[in-house]
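The values are calculated or read from the model by the stated rules, or taken from the named source; none is laboratory data. This is a predicted model, so every value here is computed, not measured. Neighbour counts run over all protein chains shown; Cβ positions are idealised from the backbone, glycine included. These accessible areas exclude ligands, DNA and RNA; they are computed on the full protein's heavy atoms, side chains included. Shrake-Rupley method; radii C 1.70, N 1.55, O 1.52, S 1.80 Å.
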Amino acid sequence: MTEQKIELGVEDRAPELVPLNAIFSTDFVSILVPVTTANTMDEVAAAVAHHSEGRRVRALPYPKVVVHKGRTLPGYMTVAEAGITALDFVAVEYDTSGASS
């Protein structure tokens, strides 16, 4: 009798740690931020901002977005769904597209 292995998709597995290289807005310091595969982009943005916003970067009243490989990712998307892997680089920016001049 042979044993069959069922491979679960990354979305179906327990959350896994994913350390990310990240930079926030106009900050000059790149940081290593631990997130999980289950974290949403809104949560990733908050985790990255926590280390810079109000410290080296002035806090602004705009929503934050995560940019990965040139793509601005929706806030509800998880790290797993975005295909972000350990030590990938992400940037967190302020979304000023809805700001009036």
What residue, among those in region 17-43 that are surrounded by 15 or more Cβ atoms within 10 Å (Cβ to Cβ) and not in a strand (DSSP E or B), is nearest to the chain's Cα centre (by Cα)?
-> M41
Number of positions in region 67-101 that are open to solvent by less than 50 Å² (accessible area, probe 1.4 Å) and modelled with pLDDT under 95 | 1
Would you confirm whether any residue within region 42-56 is of a type in the set (A, V, I, L, M, F, W, C) and in contact with a Ser or Thr (Cβ under 6 Å, 6 or more places away or on another chain)?
-> no
For region 71-101, name all the residues that are within 13 Å of the chain's Cα centre (by Cα), in a loop (DSSP other than H, G, I, E, B) and not aromatic (F, W, Y).
-> P74, G75, M77, G83, I84, T85, A86, L87, D88
